Every structure is written in structure tokens, then in C-alpha cells.
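Everything below concerns the one structure shown next.
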Amino acid sequence: MQLKPLHDQVVVVTGASSGIGLAIAEAASAKGARLVLVARNGDALDDIAARLNGQGGQVVTCVADIADADAAERIATTAIASSGRVDSWVNNAAAATYGTLAETPEADHRRVFDVGYFGTVRNSLKAVELLRAHGGALINIGSVLGERSMLLQGPYSAMKHAVGGFTEALRTEVAEAGWPIAVTLIKPGGMATPYPEHARNRLGHPVRIPPVVYDPRLVARAVLFCLEHPRRAITVGGVGYAIEVFGNAFPRLTDLGIVAFGRVSQSIDQPPPPDAVDNLDEPRADGRIETVQDIYVRRTSLWLEAQLAPWRLAGILGAGALAAGLLASTRRR
């Protein structure tokens with residue numbers, strides 16, 4: 001399957017006003033893509049578009065809550081009216097809560113699914129409708145929590161499990177139909193986004209992403225790669241991948257680890273900015289890629305690089321094996 005160079009693409013990005021979505025928007029604009037940026041926060045979108053267009057970008061915006069039944073149609077209309085087509089569509093928007101399942105009202109649980117799952121479903125189906133004639137890429141942002149759920153993030157974890165299952169089913173339907181669409185699931189590990197500030201928090205204390213936490217721009221790097229190179233799935237962050245593998249191989253032991261460390265690893269003594277707190281139902285302060293929390297952020301991921309260029313990993317492993325063999329031979333002498 002052949003995908004266009006990024007500088008020839010019109011790309012839709014949802015959840016583009018902060019975090020991973022904003023990182024994708026900035027990186028794609030720098031590479032020359034024409035962008036349709038989608039979020040609820042019109043003021044933040046206007047500021048982002050003005051900044052990127054001032055840097056030579058080609059950005060239009062669509063203010064929409066993707067939980068709304070007509071959002072996907074309005075996004076498509078904006079893209080066609082501004083650029084005449086869509087070449088790729090990135091579903092990133094999501095909402096989250098912190099708290100036990102018992103203390104999470106059903107309305108909050110449904111809202112997480114309305115945004116993160118049903119919004120992704122409607123957007124994906126609209127993207128397929130637009131792409132099936134001429135081809136392109138559909139990228140859904142999942143999570144390692146779609147493989148292994150986290151204590152106190154039950155609704156979000158369940159939603160990401162659903163996104164992963166839906167994306168797999170859609171990929172097979174696209175393949176059966178013979179449509180030239182690359183369907184990709186990107187699974188970030190813990191990312192240093194404003195997620196903890198924006199999530200509805202019922203714990204009574206500030207929360208954080210459990211370490212190790214990575215730079216959200218690494219997810220943008222994975223997305224930009226997949227906009228030009230078809231891939232089934234990519235996990236961003238070696239720690240997240242290790243949790244994914246270990247959780248599937250040793251589920252009970254993983255349960256015990258989460259019980260022992262899940263609550264403390266998600267606690268922090270740094271309160272969020274008041275204007276950013278709880279965007280579950282209404283938009284709040286946006287425009288930042290990263291959290292304001294003073295935490296360690298890993299800026300590189302060897303595991304990501306290995307997935308993007310497997311020959312590099314083979315070379316590193318081969319060089320390591322050769323060095324180990326030479327060392328052993330020297331010692332025997």
C-alpha cells in the first residue's frame with residue numbers, strides 16, 4: 001500500500017488543542033501537511049492555528065465535541081470545503097476520570113465512552129467513507145491501558161480496550177473490501193500530557209501519570225511515520241510495552257503489583273492549575289503539549305526507534321553479540 005508523502009497530505013487530527021493531539025499538529029505542520037484540527041476549545045484552536053499558519057503552515061479548524069452524533073460529518077464538511085479531500089485521519093480525542101469504579105457515576109463512565117469510543121467509531125467510519133476510493137491512513141490512538149487496565153482509571157482503560165477491539169475489527173473489514181486504507185493502532189505508554197489536570201478526579205488529592213513518563217512528541221513521531229508507512233500497530237515507550245507483555249504473560253503477578261503500587265504511583269503533591277481542572281463535560285484551559293507537573297520525562301524511546309526501523313535493532317543486537325563474543329574469546333586466551 002502506497003501512502004502519499006506527508007507534505008502532499010490533508011490530515012484530520014481530533015483532540016488537537018493539547019497533549020498528544022497538539023504534538024501531532026505541530027509536527028505534521030512542520031512537515032508541510034495541510035491540517036484540519038478538531039477540538040471543543042475554539043479559542044485554543046484559533047491560537048494554535050494562528051501560530052502554525054504564521055510559521056508557514058496550512059491549518060483550518062473545526063470546533064466540535066466528537067461525542068456529538070453530527071461531529072464526524074461536520075469535520076468532513078470542513079475538510080472538503082477547505083482542501084477538497086482527506087488523505088489521513090487521526091482519532092486522538094479522549095476524556096478520562098480518576099477514582100474507583102464504585103465511586104464513578106454511570107454518567108461519567110458513559111461520557112468517557114461517548115468521547116473516546118463512540119466518537120472514534122463515528123470518525124473512523126466517516127474516514128473510511130472518504131478514503132476508500134483513493135486510499136490513505138486511518139490512525140486511532142489507543143493506549144497500553146487497552147492491553148492492561150490500571151487501578152483508579154477503570155473507565156478509561158475499558159474504553160481503550162474497546163478502541164483496540166474496534167480498530168482490529170475495522171481493519172479486517174477494510175481488508176475484506178479491498179480498500180487501500182492503512183488502519184493503525186498507536187498505543188502510547190505513560191505520556192507527560194495535561195491528562196492528569198484534565199481528568200475528572202474523585203480521589204481528593206492531585207494525580208499524575210505513573211512513571212516512567214515519556215515525551216508526547218514521541219507519539220507524534222510514531223503517527224507521522226505511520227502517515228507515510230503502513231503499520232498495523234506501534235507501542236510508544238519501552239516501559240509501556242514491557243507492562244503490556246508482562247501483564248499478558250503473568251496476569252496475577254501484575255495484579256499484585258498494581259494493588260501494591262497503583263495508588264501511590266498515581267499520587268503527587270502538585271495541584272493542577274485551577275483553570276485546567278476537569279474538562280470531562282466542558283473545555284478548560286488548553287494549548288499545552290505537556291503537563292505542568294515537575295516530573296522526570298524521558299525524551300527518547302529505543303523501543304519506538306526499533307519499531308520504526310527494525311534493521312537498526314538488528315544491527316545493535318548483532319554488534320552487541322559480536323562484542324560479547326570477542327570479549328569471551330579474549331578472556332579464554
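The values are calculated or read from the model by the stated rules, or taken from the named source; none is laboratory data. Since the structure is predicted, the reported quantities are computational estimates derived from the model, not experimental observations. Glycine also receives a Cβ, built like all others from the backbone with ideal geometry; neighbour counts cover every protein chain displayed.
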> Just checking, how many residues over region 131-176 are charged (D, E, K, R), surrounded by 19 or more Cβ atoms within 10 Å (Cβ to Cβ) and more than 29 Å from residue 280 (Cα to Cα)?
Replying inline: 1
> In region 232-257, which residue that is in contact with an Asp or Glu (Cβ under 7 Å, 6 or more places away or on another chain) and within 25 Å of residue 137 (Cβ to Cβ) is modelled with the highest pLDDT?
Replying inline: 235
>> Considering only region 79-97, I want to know if a residue exists there that is under 27 Å from residue 267 (Cα atoms), in contact (Cβ under 8 Å) with a residue 24 or more places away in the chain, surrounded by fewer than 20 Cβ atoms within 10 Å (Cβ to Cβ) and not charged (D, E, K, R).
In response: no
> Any idea which of (1) crowded, with 19+ Cβ neighbours inside 10 Å; (2) touching an Asp or Glu at 6+ places or on another chain (Cβ under 6 Å) is the one residue 20 doesn't satisfy?
Replying inline: (2)
> Restricting attention to region 96-106, does a residue exist that is touching a strand residue (DSSP E or B) at 6+ places or on another chain (Cβ under 9 Å), among the small types (Gly, Ala, Ser) and farther than 30 Å from residue 261 by Cβ?
Replying inline: no
> For region 137-180, which residues satisfy the criterion of being hydrophobic (A, V, I, L, M, F, W, C), assigned to a helix (DSSP H, G or I) and either touching a Gly at 6+ places or on another chain (Cβ under 7 Å) or modelled with pLDDT under 95 (or both)?
Replying inline: 144, 159, 163
>> Every residue in region 54-98 that is part of a helix (DSSP H, G or I) and of a type in the set (Ser, Thr, Tyr), please.
In response: 77, 78, 82, 83
> For residue 255, are the conditions met, namely being in a helix (DSSP H, G or I) and among the charged types (D, E, K, R)?
Replying inline: yes
> Just wondering, is there one or more residues in region 49-60 that are free of Cβ contacts under 8 Å to residues at least 24 places away in the same chain and buried (at least 17 other Cβ atoms within 10 Å of the Cβ)?
Replying inline: yes
>> List pairs: first residue in region 299-324 and closer than 19 Å to residue 190 by Cα and at pLDDT 65 or above, second residue charged (D, E, K, R) and surrounded by 10 or more Cβ atoms within 10 Å (Cβ to Cβ) anywhere in the structure, Cβ distance under 6 angstrom, at least six positions apart or on different chains.
In response: 299/215
> Of the residues that make up region 12-20, is at least one on the phi > 0 side of the Ramachandran plot, within 19 Å of the chain's Cα centre (by Cα), assigned to a helix (DSSP H, G or I) and in contact (Cβ under 8 Å) with a residue 40 or more places away in the chain?
Replying inline: yes
> Which one of these is over 21 Å from the mean Cα position of the chain (by Cα) and either in contact (Cβ under 8 Å) with a residue 12 or more places away in the chain or within 24 Å of residue 234 (Cα to Cα) (or both): 145, 152, 130, 138?
Replying inline: 130
> Is it true that residue 186 is of a type in the set (A, V, I, L, M, F, W, C), touching a residue at least 40 places away in the same chain (Cβ under 8 Å) and over 29 Å from residue 251 (Cα atoms)?
Replying inline: no
> Only one of (1) closer than 24 Å to residue 166 by Cβ; (2) buried (at least 17 other Cβ atoms within 10 Å of the Cβ) is not met by residue 68, so which one is it?
Replying inline: (2)
>> Please go through (1) touching a Lys or Arg at 6+ places or on another chain (Cβ under 7 Å); (2) in a loop (DSSP other than H, G, I, E, B) for residue 183 and return the number of the only condition it doesn't satisfy.
In response: (2)
>> Filter region 267-309 down to the residues that are within 30 Å of residue 230 (Cα to Cα), in contact with a helix residue (DSSP H, G or I) (Cβ under 6 Å, 6 or more places away or on another chain), in a loop (DSSP other than H, G, I, E, B) and among the small types (Gly, Ala, Ser) and list them by number.
In response: 287, 301
